[in-house]
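To start, the structure itself, in structure tokens.
Every read-out reported here was derived from the displayed coordinates using simple, explicitly stated rules and does not represent laboratory data. What you see is a predicted model; the values in this text were computed from it and never measured. A quick note on method: Cβ atoms are made from the backbone with ideal geometry, for glycine too, and the neighbour counts reach across all protein chains shown.
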Amino acid sequence: MTDLLTLKGGPLDRADLQALQRTRNGQSVRLEGCELDDADLSGLDLSGIQFSECTFSGAQLEKADLSRTTWSRCRAAFAQFDMANLTEARFDGGDFNNASWTRARLAAATFSEVKLTGAKFYQVQSLGLTLQRCLLVNADLRGMSFRKLRLEGLNFAGADLGGCDFSQAVFAGGSLRDANLRNANFTSADVRDVELGKVQVGDLQHHFKGAIMSTDQAAAIVASLGVTVL
């Protein structure tokens, strides 16, 4: 018996994964290049499985146990992860555009260099969640807490960040251009290295109150009023 059971290529469905779980006998499982598009995997225990270059486009994974799973260069556009347990899951690369993670458990999960355009993260449990160099254009992240986190290379352009807590966070690159910042908290947040996009003076009070900006950013805001800054 080997320590790692590997399946390579080909389409799989719910029955295949259920059979795999019954026969794995405690072995670690790795799926490489497998196709699970539109599969109904809701409620399954898939904990600890390693997915490499697999496809899950349109797959249903609601309430599945995906804790400690790893996802390397997978594609899962429009997949449903609502209320799934993704505690300590790791995502490296890949495309999860328009996937839904509503009310998912993402404690200590990590997303690195993942495309999450249009993804929905509403009401997720995000304690210890790490996002690095991810594309979050037009994503729904309402109410999430990024307090005291270092936000490296996150593109939030057009994202819904209403009610998010960015207090004491440090932005390292990335973009907030055209994002919805209604009721977001930027107290003591360092935004000197992030693209702010078009910012009006009124936005300072409503959206960026307490934030730390660069002199160049402040000058650009004043210049937008037609004032010449020397």
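Mind listing the long-range amide H neighbours of Leu5? Cut-off is under 5 Å, sequence gap 5 or more, other chains count too, H placed in the peptide plane at 1.01 Å from N.
Long-range HN contacts for Leu5: Ser28, Val29, Arg30.
Does segment 24-124 come out rounded, prolate or oblate by the C-alpha gyration tensor, with a ≥ b ≥ c the root eigenvalues, rounded set by a/c under 1.5 and, if not, prolate when a/b is larger than b/c and oblate if not? Write out the running numbers ahead of the final one.
Working: a/c = 1.34, a/b = 1.20, b/c = 1.12.
Note, shape of segment 24-124 comes out rounded.
Using the beta-carbon distance between Arg147 and His206 and R0 = 22 Å, what value does 1/(1 + (r/R0)^6) give for FRET efficiency, to the nearest 0.05?
With a Förster radius of 22 Å, E is 0.65.
For Ser167, what is the net charge nearby, where nearby means another residue's Cβ is under 9 Å from its Cβ and Lys, Arg count +1, Asp, Glu -1?
Net of charged neighbours comes to +1.
Would you mind computing Rg(Cα) / (2.2 N^0.38 Å) for the chain, counting N as its residues?
1.16
Taking amide H atoms as placed 1.01 Å from N in the peptide plane, list the residues 5 or more away in sequence, or in a different chain, whose amide H sits under 5 Å from that of Phe91.
Here the answer is Trp71, Thr110, Phe111, Ser112, since their amide H atoms fall under 5 Å of that of Phe91.
List every residue whose amide H lies under 5 Å from the amide H of Val170, counting only residues 5 or more places away in sequence or on a different chain, with H placed 1.01 Å from N in the peptide plane.
When sequence neighbours closer than 5 places are left aside, the close amide H contacts are Leu149, Arg150, Leu151, Asp190.
Quick one: how many lysine pairs in the chain have C-alpha atoms under 29 angstrom apart, if they're 8 or more apart or on different chains?
12
With charges set only on the Cβ (+1 for Lys and Arg, -1 for Asp and Glu), what does the dipole of segment 104-186 come to about its Cα centre, in debye to the nearest 20?
120
Nearest 500 deg cm²/dmol is fine: what mean residue ellipticity at 222 nm does the chain get from its DSSP H runs of n ≥ 4 alone, each adding -39,500 (n - 2.57), divided by its residue count?
Mean residue ellipticity at 222 nm (helix-derived): -3000 deg cm²/dmol.
Could you compute the FRET efficiency for Lys198 and Arg133, with r as their C-beta to C-beta distance and R0 at 25 Å, rounded to 0.05?
On the way: r = 24 Å, r/R0 = 0.97.
Step by step, r from the Cβ atoms, then E = 0.55.
Under the classification rounded if a/c is under 1.5, otherwise prolate if a/b is larger than b/c and oblate if not, where does segment 1-58 fall, given a ≥ b ≥ c as square roots of the Cα gyration tensor eigenvalues?
Here segment 1-58 falls in the oblate category.
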